[in-house]
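The values are calculated or read from the model by the stated rules, or taken from the named source; none is laboratory data. Everything numeric in this text was worked out from a predicted model, so none of it was measured. Glycine gets a Cβ as well: all are built from the backbone with ideal geometry, and neighbour counts include every protein chain shown.
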Amino acid sequence: MKKGKKIYEGKAKIIYSTSDKDLVIQYFKDDATAFNNQKKSTIEGKGVLNNRISEHILSKLSQIGIKNHLVKRLNMREQVVKLVEIIPIEFIVRNVATGSLTKRLGIEDGTILKEPLIEYCLKDDKLGDPLIAEEHILAFDWASKTEIEKVKKMILRINDFMIGMFGGVGIKLIDFKLEFGRLTSNGKKEVILADEISPDTCRLWDSVTDKKLDKDRFRKDLGDLIPAYTEVAKRLGILHEQSNLSVVNVTKLSSIKRKRK
Ligand code: UDP
């Protein structure tokens with residue numbers, strides 16, 4: 001399988017075509033953005049960690065029957081994924097109130113929700129990914145009723161699984177974002193999990209100290225983002241001796257390059 005042309009570039013990832021029309025390569029960049037692109041930076045080594053963490057979580061989800069786009073990780077920054085037609089909705093899943101929910105509704109930060117709350121945002125950077133209702137999704141045909149029902153079922157299983165997985169390593173899963181896509185196989189369309197699941201797309205707090213181990217370190221200028229993402233990877237058992245060194249090397253090499261500039 002050969003890597004082809006860039007077909008899409010997003011804020012944190014690039015998609016390349018391959019010689020197989022059904023597969024694409026997903027490349028994880030080091031770019032970080034927040035507040036609808038108003039805050040931007042490059043954090044050396046972030047893409048490497050997100051590639052590994054997302055691969056780990058999506059593989060685990062496959063093992064419990066959650067179909068997703070991951071085929072295999074290729075190298076430090078790239079993975080082969082199935083080409084899907086992305087549903088233009090960001091599915092936000094919340095277990096604890098924080099972030100935009102607290103601001104929007106005046107709910108106290110850290111309030112534990114009785115049940116997981118699913119919110120929908122339209123994937124449209126120009127409009128600032130506005131919050132929408134299920135009715136909007138149906139009214140404008142962004143997804144069908146059947147697709148939404150299937151996605152909701154998958155989301156609740158993914159959430160239960162991830163709460164357990166992170167809980168077992170001393171991390172609280174506060175909230176996260178998921179994206180789904182349509183895969184056509186044998187003439188039938190099926191909705192599968194796509195995109196990434198990483199500290200860029202989840203809020204992860206240490207179970208004891210509530211220390212933030214996610215992109216809020218960038219959003220809120222808390223610093224030490226790489227050590228926090230590395231901590232998540234280590235606790236999940238992803239970073240073994242050698243790969244641990246690789247990530248450290250990438251960050252070290254990058255900082256050497258920076259100093260030279
Ligand atoms: N999120 C994301 N991408 C987005 C918006 C949200 O990955 O474009 C994730 C975010 O990291 C958090 C959850 O979705 O884990 C809920 O985000 P919220 O709406 O509170 O976003 P905020 O506006 O506070 O960043």
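Can you pull out every residue in the stretch 58-72 that is crowded, with 23+ Cβ neighbours inside 10 Å and part of a loop (DSSP other than H, G, I, E, B)? The answer is His69, and nothing else.
The helices (runs of 4 or more DSSP H) located wholly in the stretch 135-246 that include 1 or more residues which are under 16 Å from Lys60 (Cβ atoms) and out of contact with any strand residue (DSSP E or B) (no Cβ under 8 Å at 6 or more places or on another chain) occupy 145-167, 225-235.
Each row is one residue, and each column tells you yes or no for (1) within 16 Å of the ligand (Cβ to nearest atom); (2) closer than 28 Å to Asn37 by Cα.
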| position | (1), (2) |
| --- | --- |
| Leu127 | yes, yes |
| Glu134 | no, yes |
| Ser144 | no, no |
| Glu149 | no, no |
| Asp195 | yes, yes |
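Considering the stretch 143-168, the residues that are surrounded by 14 or more Cβ atoms within 10 Å (Cβ to Cβ) and in contact with a Leu (Cβ under 7 Å, 6 or more places away or on another chain) include one that is nearest to Ile132 (Cα to Cα), namely Ile155. Here Asn75 clears all of (1) within 15 Å of the ligand (Cβ to nearest atom); (2) assigned to a loop (DSSP other than H, G, I, E, B) except the condition numbered (1).
Pull up the stretch 31-44, narrow it to residues that are in contact with a strand residue (DSSP E or B) (Cβ under 6 Å, 6 or more places away or on another chain) and in contact (Cβ under 8 Å) with a residue 40 or more places away in the chain, then point me to the one that is nearest to Lys82 (Cα to Cα). Break it down into steps so the answer makes sense when it comes.
Taking the stretch 31-44 as the starting set, the residues that turn out to be in contact with a strand residue (DSSP E or B) (Cβ under 6 Å, 6 or more places away or on another chain) are 31-33, 40-43.
With the extra rule that they be in contact (Cβ under 8 Å) with a residue 40 or more places away in the chain, the set shrinks to 32, 41, 43.
On the way: Ala32: 25, Ser41: 29, Ile43: 27 Å.
My answer is Ala32.
For the stretch 19-41, enumerate the residues that are in a strand (DSSP E or B), farther than 17 Å from Gly223 by Cα and polar (S, T, N, Q).
Looking only at the stretch 19-41, we keep the residues that are in a strand (DSSP E or B), and these are 23-28, 31-34, 39-41.
With the extra rule that they be farther than 17 Å from Gly223 by Cα, the set shrinks to 23-28.
Within the stretch 19-41, just Gln26 meets the criteria.
Filtered by the rule that a residue be away from the ligand (no atom under 11 Å from the Cβ), of a type outside the set (A, V, I, L, M) and either over 16 Å from the mean Cα position of the chain (by Cα) or buried (at least 16 other Cβ atoms within 10 Å of the Cβ) (or both), the stretch 78-105 gives Glu78, Gln79, Lys82, Glu85. Any chance the stretch 4-18 includes a residue that's in contact with a helix residue (DSSP H, G or I) (Cβ under 7 Å, 6 or more places away or on another chain), part of a strand (DSSP E or B) and among the aromatic types (Phe, Trp, Tyr)? No, the stretch 4-18 contains no residue that is in contact with a helix residue (DSSP H, G or I) (Cβ under 7 Å, 6 or more places away or on another chain), part of a strand (DSSP E or B) and among the aromatic types (Phe, Trp, Tyr).
So, Ala194, is that one among the aliphatic types (A, V, I, L, M) and over 15 Å from the mean Cα position of the chain (by Cα) or not? Steps first, answer last, please.
Values: among the aliphatic types (A, V, I, L, M): yes; over 15 Å from the mean Cα position of the chain (by Cα): no.
Here the answer is no, as Ala194 does not meet what is asked.
Among Glu44, Glu108, Glu115, Glu55, which is the only one that is more than 15 Å from the ligand (Cβ to nearest atom) and assigned to a loop (DSSP other than H, G, I, E, B)?
Numbers: Glu108 fails: more than 15 Å from the ligand (Cβ to nearest atom); Glu115 fails: assigned to a loop (DSSP other than H, G, I, E, B); Glu55 fails: assigned to a loop (DSSP other than H, G, I, E, B).
The unique qualifying residue is Glu44.
Do we have Lys261 as away from the ligand (no atom under 14 Å from the Cβ) and at pLDDT below 70 here? Against the criterion (away from the ligand (no atom under 14 Å from the Cβ) and at pLDDT below 70), Lys261 qualifies. Residues that are within 13 Å of the ligand (Cβ to nearest atom) and of a type outside the set (A, V, I, L, M) were ranked within the stretch 166-181; the one that is farthest from Ile86 (Cα to Cα) is Lys172.
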